[in-house]
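Trainee: Here it is, the structure in full.
The values are calculated or read from the model by the stated rules, or taken from the named source; none is laboratory data. What you see is a predicted model, and the numbers here were worked out from it, not measured in a lab. For neighbour counting, all protein chains shown are included, and Cβ atoms are generated from backbone atoms with ideal geometry for every residue, glycine included. SASA here: full protein model, heavy atoms, side chains in, ligands and nucleic acids out. Shrake-Rupley method; radii C 1.70, N 1.55, O 1.52, S 1.80 Å.
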Amino acid sequence: MVVLFNIKVKFRKRVFFIQLTFFFLTVFRVFTLKYYKYYNILHVFPHDWANPMQTPAAIVPEWYLLPFYAILRSIPNKLLGVIAMFSAILILLLLSVTDVSRSRGMQFRPLSKLVFFAFTANFLILMQLGSKHVESPFIELGQVCTVLYFLYFSAAMLGLTNLENTVVDLKTENSSKKV
């Protein structure tokens, strides 16, 4: 309820109606896609006959696994590729160890924010590379992006947090000497 110039306006009914309308429009759109044009949401066209003696040209995992699939493909050795793929997922557990900053929010850490956005762009590039065919420019770019992915967690996080802590310490020392 909003009170403006002593007039009470209730938004609950309107907001509920708008949300319900968009919910039903979304459900209608999903059912339309599913029952009338279901082949648009598949990876392959359903009218092609499968050849059991031939591997398909493009095997693509789901979208949320594409970056890890790109990491798997970027390493030529199969065992090391599988180890790198699983370590790419497990390295997320090291975030609590490598982030040693005294301030936990990103709003006061501009360098960390910049590097985080670069990491996000690198992750999206890995996602695109995971859906591409195994060809010459995509393999090399995947290797570079894989190295950058692991450098973010190992060197960039630890180095930037130590640098920002040092800058904050120098600033607090200078401000305490002036007083």
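Trainee: List every residue pair whose Cβ atoms sit under 6 Å apart, with the two residues 6 or more apart in sequence or on different chains, where the first one lies in the stretch 57-84 and is of a type outside the set (F, W, Y) and the second, anywhere, is modelled with pLDDT under 90 and surrounded by 11 or more Cβ atoms within 10 Å (Cβ to Cβ).
Mentor: Filtered contacts from the stretch 57-84: V60/H43; V60/S131; L66/S131.
Trainee: Still on this model: What single numbered condition from (1) under 14 Å from the mean Cα position of the chain (by Cα); (2) surrounded by 14 or more Cβ atoms within 10 Å (Cβ to Cβ) fails to hold for F117?
Mentor: (2)
Trainee: Can I ask one more? Out of everything in the stretch 85-110 that is in contact with a Ser or Thr (Cβ under 9 Å, 6 or more places away or on another chain) and closer than 19 Å to Q143 by Cα, what residue ends up being most open to solvent (accessible area, probe 1.4 Å)?
Mentor: Here the residue is I91.
Trainee: Tell me yes or no: at least one residue of the stretch 138-145 is charged (D, E, K, R) and at pLDDT below 90.
Mentor: No: the stretch 138-145 contains no residue that is charged (D, E, K, R) and at pLDDT below 90.
Trainee: Can I ask one more? How about the stretch 122-134: which of its residues are part of a helix (DSSP H, G or I), closer than 16 Å to L72 by Cβ and open to solvent by 70 Å² or more (accessible area, probe 1.4 Å)?
Mentor: I125, Q128
Trainee: Further question: Confirm whether V134 is in contact with a Lys or Arg (Cβ under 9 Å, 6 or more places away or on another chain) and of a type in the set (A, V, I, L, M, F, W, C).
Mentor: Yes; evaluated as a whole, the condition is true for this residue.
Trainee: So in the stretch 135-153, with the set limited to residues that are in contact (Cβ under 8 Å) with a residue 60 or more places away in the chain and out of contact with any Gly (no Cβ under 9 Å at 6 or more places or on another chain), which one is most open to solvent (accessible area, probe 1.4 Å)?
Mentor: By that ranking, first place goes to Q143.
Per-residue answers, yes or no, for (1) more than 29 Å from the chain's Cα centre (by Cα); (2) surrounded by 10 or more Cβ atoms within 10 Å (Cβ to Cβ); (3) modelled with pLDDT under 70:
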| position | (1), (2), (3) |
| --- | --- |
| K13 | yes, no, no |
| F16 | yes, yes, no |
| R29 | no, yes, no |
| H47 | yes, no, yes |
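Trainee: Taking Y69 and the conditions (1) open to solvent by 60 Å² or more (accessible area, probe 1.4 Å); (2) of a type in the set (F, W, Y); (3) modelled with pLDDT of 90 or more, which numbered condition does it fall short on, given that it satisfies the others?
Mentor: Only one criterion in (1) open to solvent by 60 Å² or more (accessible area, probe 1.4 Å); (2) of a type in the set (F, W, Y); (3) modelled with pLDDT of 90 or more is unmet by Y69, namely (1).
Trainee: Would a scan of the stretch 104-115 turn up a residue that is at pLDDT 90 or above and out of contact with any helix residue (DSSP H, G or I) (no Cβ under 8 Å at 6 or more places or on another chain)?
Mentor: Yes, the stretch 104-115 has at least one match.
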